[in-house]
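Accompanying notes for the structure given below.
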Amino acid sequence: MTNSMRHTILLMLTALIVASASHAATPGDNLEVEGRLGYSLGAAAPMGIPASIRKLNSFELTPNILVGIDVRLPLRSCWGIQSGLHLENKGMNVAITTKGYHMAMVKGGEELEGVYTGRVEQQTKAWMLTLPLMASCDLASQWRLRAGPYASFLLSREFSGNVADGYLRKDNPTGQKIEMGHAMDERATYDFSDQMRRWQAGVAVGVDWLLTSRLALSADLSWGLTGLMHSSFKTVEQTLYPIYGTLSLAYRIK
């Protein structure tokens, strides 16, 4: 875990402890507990589409499920502080067409690196435990806004794919040309799963629509700030940021 990650998590836990301590005299009945079930849609994407990515050919929905428990401590006026623990899956299956895109791959047991032009199929999947810490504000009897940081620990991770219908210029843009065909035995593959960060952090905003006194419909947007891959990983030339929207149902248990 990096120092920045430790610092982020420490700040989140400290804020929660301070808030709880300052309201130690608040009756336990004021503490709200709710279960949450949701579905996420998004991608790990660079900030701005680089010129080397020419076309998005397909984007396949994956089962990005969120299951969790949240605890909210009401504060003064409309304010509150909310945390919890979420088990969630974030993934994407995409196919793009590139031109002059820096990549590393394996073909016929040979490791290759250089500038690739052609089709790339990418599979990304990660199961993680996420700890959010959010400030909340009740705007009216039926609406609640939430915002704050989060930290995630990846339990499993996958970042792999294949390249086809194109060619690689080995080492540099004028290097040896290596053709990639359409058939499976003519393609090259890659797997950078081990280069994904185990610890990730970001910010999230959300809104709850209180359908009843116990049931709420929620919409959230999370934006990873640390990047999907380790900072030392330079094979993929752009930093990829996990950006996901989540729709969920929350049921108040207490």
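The values are calculated or read from the model by the stated rules, or taken from the named source; none is laboratory data. Since we're looking at a predicted model, the values are computed, not measured. FYI the Cβ positions are ideal-geometry reconstructions off the backbone, even for glycines, and counts take in every protein chain you see. For accessibility, only protein heavy atoms count, side chains too; no ligands or nucleic acids. Shrake-Rupley method; radii C 1.70, N 1.55, O 1.52, S 1.80 Å.
Quick check on residue 213: is it exposed (fewer than 14 other Cβ atoms within 10 Å of the Cβ), closer than 22 Å to residue 156 by Cα and of a type outside the set (D, E, K, R)?
It is false that residue 213 is exposed (fewer than 14 other Cβ atoms within 10 Å of the Cβ), closer than 22 Å to residue 156 by Cα and of a type outside the set (D, E, K, R).
Would you please name the residue that is surrounded by the fewest Cβ atoms within 10 Å (Cβ to Cβ), looking only at residues in region 177-210 that are in a loop (DSSP other than H, G, I, E, B) and touching a residue at least 24 places away in the same chain (Cβ under 8 Å)?
It comes out as 198.
Restricting attention to region 38-56, does a residue exist that is open to solvent by 20 Å² or more (accessible area, probe 1.4 Å) and more than 30 Å from residue 117 (Cα to Cα)?
Checking region 38-56: at least one residue is open to solvent by 20 Å² or more (accessible area, probe 1.4 Å) and more than 30 Å from residue 117 (Cα to Cα).
When the residues of region 60-98 are filtered to those that are open to solvent by less than 30 Å² (accessible area, probe 1.4 Å) and of a type in the set (D, E, K, R), which remaining residue is farthest from residue 240 (Cα to Cα)?
By that ranking, first place goes to 72.
So in region 225-254, with the set limited to residues that are free of Cβ contacts under 8 Å to residues at least 40 places away in the same chain and surrounded by 13 or more Cβ atoms within 10 Å (Cβ to Cβ), which one is nearest to residue 148 (Cα to Cα)?
225
Find the residue count for region 99-140, including only residues that are open to solvent by 30 Å² or more (accessible area, probe 1.4 Å) and on the phi > 0 side of the Ramachandran plot.
Residues meeting the conditions: 3.
Only one of these is among the polar types (S, T, N, Q), open to solvent by less than 60 Å² (accessible area, probe 1.4 Å) and more than 19 Å from residue 93 (Cα to Cα): 156, 152, 160. Name it.
Just one listed residue meets the conditions, 152.
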